[in-house]
1. What is the percent carbon and sulfur in the accessible area of the chain, measuring with a 1.4 Å probe over the protein chains and ignoring ligands?
2. Return an integer: the convex hull volume of the alpha-carbon atoms of region 1-77, in Å³ per residue.
3. Mind checking which lysines have their Cα closer than 29 Å to the Cα of Lys15? Skip sequence neighbours fewer than 8 apart in that chain.
4. Per residue, how much accessible surface does the chain expose to a 1.4 Å probe? Answer in Å², no decimals.
5. Which percent of the Cα-Cα distances in region 48-99 go past 16 Å?
6. Please list, short to long, the whole-number percent of alpha-carbon pairs of region 145-250 in consecutive 5 angstrom bins beginning at zero.
7. Please compute the Kirkwood hydrodynamic radius of region 2-248 from all pairs of different C-alpha atoms, in Å with one decimal.
8. Project the alpha carbons of region 128-183 onto their principal axes and report the range along each, largest first, in whole Å.
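The values are calculated or read from the model by the stated rules, or taken from the named source; none is laboratory data. Computed from a predicted model, the values in this text were never measured in an experiment. Methodologically, a virtual Cβ is constructed for each residue, glycine included, from the backbone with ideal geometry; neighbour enumeration extends over all protein chains shown. Accessible surface areas use protein heavy atoms only, side chains included; no ligands, DNA or RNA. Shrake-Rupley method; radii C 1.70, N 1.55, O 1.52, S 1.80 Å.
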Amino acid sequence: MKIHVVANEQEMSIKTANIIADLVRKKPNAVLGLPTGSTPLGTYRELARMFREENLDFSQVHTINLDEYIGLSKYHPQSYRSFMRKQFFDHINIDGRNTHVPDGMAKDVEAECRRYDEMMFRYGHTDLQLIGIGPNGHIAFNEPADSFTPDTHVSILTESTINANQRFFQNPDDMPRTAISLGMRGIMSTRHLILIACGEGKAEAVANSCFGPVTPRVPGSLIQLHPYVTVIADEAAMTLCPNKLSELDD
Ligand code: F6R
């Protein structure tokens, strides 16, 4: 595990965007696993700038998103499909047919989960999987539980996640309580896993994920078993694990 401690969110975003851009330049048809949320916003902005100003070409790139709320159509302003369009896809030259987000309006959500896994299986793996982390240690919407869930599944969101994400909804009660989430196998089968985090609200989750026991109670802790992980976090998010850093910085 390589850990980069950066000064602030902007540095985190630029460093992350640079890694993604390097991959896309080397492998124009790279498959990127992508999150939503506030943490990747700056990364998407920086990648869009590179598209405009440095000819970074996304025309052959494929993307697979981590999750989607159940009950929100792709046109709903808070759906993750809308988020990706507004924050990233509308600003680059990606082919919409190469972008994948679970369908939160699927009549049969279990069938939608299987379809998503089969789609992933056809790709084989993602070249890079970017993830954020919830204050309770969730990655995608794999919430703390008694066991890890390998497959794409219906996740019942915890109070912690509802509290963290309600701010995006005009009426907080409109936030769905369930989501379709990639499982741990989908996340872990990537070539390169990048965890980004900023702010002290993530300090406990980052410390537990990077240094604590590997346990489904802290889903992010599973990343310790991945052979190629990069953590990019600001100082505030690293406050609970500063003096152990040298052990892991290979
Ligand atoms: C989003 C996702 C979530 C977020 C996490 C952090 O697609 O899968 O796991 O990465 O909730 O969210 P932010 O970045 O808003 O703090």
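1. The value for the chain is 50 percent carbon and sulfur by accessible area.
2. With only Cα atoms used, region 1-77 gives 131 Å³ per residue.
3. Partners within reach: Lys2, Lys26, Lys27, Lys86, Lys202, Lys244.
4. Each residue of the chain exposes 45 Å² on average to a 1.4 Å probe.
5. So the portion of pairs separated by more than 16 Å is 44 percent.
6. Taking all Cα pairs of region 145-250, the binned fractions are 2, 11, 18, 22, 21, 16, 8, 3, 1, 0 percent.
7. For region 2-248, inverting the mean 1/r across all distinct Cα pairs yields 18.0 Å.
8. Dimensions of region 128-183 along the principal axes of its Cα atoms: 33, 23, 17 Å.
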